[in-house]
Amino acid sequence: MSERITITWAELRARLAGARSYWVCTASAAGVPHAMPVWGVWVGGRFWFSTGAGTAKARNLAVNPRVSVHLESGTELVSVSGVAEQVPAQARPPEVDAAYTAKYVLPRTGEPATIVVGASPVFAVRPTRALGWYEGAFEESMTRWRFPAGGEGEPVAEPIGYPADPA
């Protein structure tokens, strides 16, 4: 194997904050997977997004809050797994709404977007682990981050062996 390529948490965090679209993967109570792209923001160590109250994502998260969030690139992978919690408006930090409005405009009107449309629930994903690698240097760059219990604080990086070790 070649020399190890270090991917820092700061680098992954910047990519999470700068992404336009995110794939949110949920599973129903019966374990049926569901993956859909969403807009969202990375604020305060959490991934924030909204979805319609009647969508498969919302129904799935109501019975199984475990979620995986991926960026669009498969060549520079960023994947975060964690637990999604519905956050009422009064408990949502104002930075979330400000970041969302600054990041997105509605395609049809050009107006700033808001994270809440109608009665859409807003979710915050508390990460439990993250993965990152570069396709062109897969073996040398594969890294996993584990987050402290409760999701507070910086994660600990662990290089992953190849073939990838279980976990």
- With θ set to phi - 60°, apply the Karplus curve 6.51 cos²θ - 1.76 cosθ + 1.60 along the stretch 8-20 and write out the HN-Hα couplings as whole Hz, x wherever there is a Gly or Pro. 8, 5, 4, 5, 5, 4, 5, 5, 5, 5, x, 5, 8
- Query: Over the chain, what is the relative contact order in whole percent, taking alpha-carbon pairs under 8 Å and six or more residues apart?
  - Reply: 23 percent
- Contact order normalised by residue count of the stretch 1-72, Cα under 8 Å, 6+ apart, percent: 35 percent
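At R0 = 35 Å, how high is the FRET efficiency between A29 and R146 if r is their beta carbon distance? Nearest 0.05 is fine. The partial results should precede the final answer.
Values: r = 27 Å, r/R0 = 0.77.
My answer for the efficiency is 0.85.
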- Task: Place the peptides 19-30, 102-113 in order of packing, highest mean first, counting for every residue the other Cβ atoms within 10 Å and averaging per peptide.
- Result: 19-30, 102-113
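Given the Cα-Cα distance of W39 and A102 and 0.36 nm per residue of separation, how much length would full extension add, in nm? Mind showing how you got there, number by number?
Values: separation 63, 0.36 × 63 = 22.68 nm, distance 1.24 nm.
Computed gain between W39 and A102 is 21.4 nm.
Around Y104, what is the net charge, scoring Lys/Arg as +1 and Asp/Glu as -1 over all other residues with Cβ under 14 Å from its Cβ?
Numbers: positive: R20, K103, R108; negative: D97, E111.
Surrounding charge for Y104 is +1.
Whole number please: convex hull volume per residue, Cα atoms of the chain, in Å³. Don't skip to the answer; put the middle values down first.
Numbers: hull volume 21.5 nm³, N = 167.
In the chain, the Cα hull volume divided by residue count equals 129 Å³.
Could you give the length gained on full extension between A56 and Y134, defined as 0.36 nm per residue of separation minus the Cα-Cα distance, in nm?
Numbers: separation 78, 0.36 × 78 = 28.08 nm, distance 3.13 nm.
Contour length minus the Cα-Cα distance gives 25.0 nm.
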- Query: Label point 7 Å out from E111 along Cα-to-Cβ: which residues of the stretch 34-71 have amide N under 20 Å?
  - Reply: 39-40, 50-53
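Taken together, the values in this text are just the output of simple stated rules run on the coordinates, not laboratory data. Everything numeric in this text was worked out from a predicted model, so none of it was measured. With ideal geometry, Cβ positions are generated from the backbone for all residues, glycine too; neighbour counts draw on all protein chains shown.
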